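The structure under discussion appears below in the form of structure tokens.
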Amino acid sequence: MKTIDDLEKEIKNVDRELSKVESEIAKLKNQQRQLHEKKTALKNSINKIKSDSLASVDWAGKSYEWSEDVKNTLRNVFKLKSFRPNQLSAINCTLSGQHAIVVMPTGAGKSLCYQLPALVKPGITIVCSPLVSLMEDQVRSLTKKDIPAKLITSTSSREESNAALNILKDKNSPIKLLYVTPERFAKSKRFMANLQKCFADGRLQRIAIDEVHCCSQWGHDFRPDYKFLGILSNMFPKIPILGLTATATAHVLTDVQKILNIPGCLVIKSTFNRPNLFYKILEKPTSQEECLNILEKLIKYRYKEESGIVYTHSIKDCEEIAMGLRKRGLKVACYHANLEADTRSKVHTKWHDKHYQAIVATVAFGMGIDKPDVRFVIHHTISKSMENYYQESGRAGRDSNRAECVTLYRLQDVFKVSTMVFSSVGSLDHLYGMVKYCLNGTLCRRQLIAEHFDEDWGNTDCNKMCDVCANPTSKVIEINLELHCRTLASIIDNADKQDTKLTAQKLLDAWFLKGPVNLRHKGKEPNLSRNLGEDVIAYLLVENYLVEDFHFTAYSTISYIKKGPNIDLVQDPEFEIKMPVRKYSSFELDRPAPSEIENNILDLEEKEVPKKRKSHSNDASHSKKTKTIVIDDNDD
């Protein structure tokens, strides 16, 4: 019979053996991880070699067997004399049967990259598109050119859907392009069965995926049903997939190739610069009535008889602004997701045909809108990310003539958007990127957009086509923010002691000695305007001196302000926070021919505030640093 001591000794022996095994397992797991990393690196190397090999081909050449047909189709059907940059490369690549992803700025002619090839070879091109308005625009445009095209949407009647689905089975169908949403691929077994029949009959020519960045969760408009499209390359071997987008970072492009199962495909990337667009920030008034005054003057005078879009934050804003502008005699209409599909289509058509001068819309209206003569895009509220802003503002000037992109900015709008997006990973950082863009007043706005998309544009690429570069000689002075930071921190600490949470507006009130006496700080009112105070808080927020703290109620989400991780840095005597205050002179825009627009709103120009920008400085040692934002004369 074994004693307890014997058994305990055996347990110790087992523990030693377990320790050895666990050590070996740890080594093997580490080895497994290294092998996986090596395998991934080798795959990436193979994909890069494939991509580089494809990139070395002269895709812009004119000696392909189909080159003559391509040239004739361009001139006779599309009535164009020449291709825009990279269009011919994309066309030759897809006609060669290669997978490709095309990144071109809005207005650069992405749709031609699949519409023209559809007419050169027999068969049908399936176009996956995320928005009904986009599909309607393109089908309308193609029909006017006598190009047979159809669409299927969730609002199509049963008869229309059946007719469109039968196109895939009918060998004698003249239809060359069929537009569908990604949900049709993911959720309609009948559609997929008919598509397989089309492929089996040798009639499936290619699959074009518009707004392909929607595949990636890293993309700004991620759509879950886009991920279903990853089965297409295996389901339809040797059928070229052509992905197209106006906005995609390098990370998104890699992710898209992986999701679509087309690694190592050709990537055709044009510059994001839209040299014909003028970027501008205006100070947004606090009242809706004053906002309507600005919008009225812009649409009635500055953009007289010119087409445009006013983007709003919500359906409520959309309807109120449209109604307010209509009462002022402007021919505008609203467009949002809660309208009946038929109503949305009618509004879209009437705007396209210039019955309406402008559409007041939520962001449900925008991507790929095929109206070349949009002369202005006004954001009543800031976009939730730079990608969204680039897409939405990019509706302007698709005909390459001068157009203007105007954003009305105010701090209060930041919280309208942040309370909607904060729950998505990374979305708050994307929003703060837009806030930095609006606060900027020292750096070229076009350069800030370029940096976001991993490009490098010099000042010559702007050519004074933003409100900052158009006024380069403005005087700059500096003010210190250390005292203001300490004051704001003390206000927040005082509120915490009273178990009170502060919104940005309550924090401003307490700082400017307004609101409840027990929340006010004990010193003097700051020697700043309240508008400048808002910008100081916005700057401190995006730089993590302050942070948002989100709380749910039964009916809404509220953003409170609390101290951020960087706020303690101001206690360091070596640390500086400075804001250059840039003084702007009266700023007048000129619109040269052939898109000249009357400039009859001098009183509006008086109100313009090209906003502020901080300089990037993030020394890990937290030694002497300088942070910057900018204001103008009207903040006095």
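Quick notes on this one:
- Taking each of Lys501/Lys563; Lys297/Lys331; Lys79/Lys176; Lys384/Lys436; Lys110/Lys280 in turn, the alpha-carbon distance tops 20 angstrom for Lys110/Lys280.
- Modelled spin-label separation between Ala26 and Asp496, with each label point placed 7 Å from Cα along the Cα-to-Cβ direction: 3.8 nm.
- The Cα center of segment 245-314 and the Cα center of segment 415-469 differ in position by 11 Å.
- Cα centroid of segment 114-146 to Cα centroid of segment 497-575, whole Å: 52
- Cα Rg over Rh - segment 413-500, Kirkwood: 1.10
- Note on Met235, Met192, Met135, Met1: ascending count of other Cβ atoms within 10 Å places them as Met1, Met235, Met192, Met135, the fewest first.
- Counting other Cβ atoms within 10 Å as a rough exposure proxy, the listed residues Ile167, Ile558, Ile268 run Ile558, Ile167, Ile268 from fewest neighbours to most.
- In this entry, segment 340-470 is assigned a mean projected area of 9.2 nm², taken as a quarter of its C-alpha convex hull surface.
- Ranked list, fewest to most other Cβ atoms within 10 Å of each Cβ, for Ile259, Ile299, Ile49: Ile49, Ile259, Ile299
- Two numbers describe the Cα atoms of segment 525-571: Rg and Dmax, which are 13.0, 39 Å.
- Formal net charge of residues neighbouring Glu65 (Cβ-Cβ distance under 14 Å; K, R +1; D, E -1): +1
- When the Cα convex hull of segment 1-44 is projected onto planes of every orientation, the mean area is 3.3 nm².
- Per principal axis, descending, Cα span of the chain in whole Å: 105, 83, 48
- Overall Cα dimensions of segment 272-356 - principal axes, largest extent first, Å: 35, 34, 25
- Members of Lys300/Lys464; Lys522/Lys562; Lys171/Lys227; Lys300/Lys350; Lys327/Lys354 lying beyond 21 Å, as alpha-carbon distances in this model show: Lys300/Lys464; Lys171/Lys227
- Ordering of 331-344, 349-362 by burial proxy (mean other Cβ atoms within 10 Å per residue, highest first): 349-362, 331-344
- Using equal-weight Cα scatterers in the Debye expression, the normalised intensity of segment 230-269 in log10 at q = 0.17, 0.18, 0.29 Å⁻¹ is -0.44, -0.49, -1.13.
- Distance cut-off 21 Å, percentage of C-alpha pairs in segment 206-358 lying past it: 61
- For segment 1-157, convex hull of alpha carbons as volume per residue, Å³: 260
- Multiplying the residue separation of Asp549 and Lys238 by 0.36 nm and removing their Cα-Cα distance gives an extension gain of 106.8 nm.
No value in this document is a laboratory result; all are computed from the given coordinates. None of these values were measured; they are calculated from a predicted model. So basically every Cβ, Gly included, is an ideal-geometry build from the backbone, and we count neighbours across all protein chains shown.
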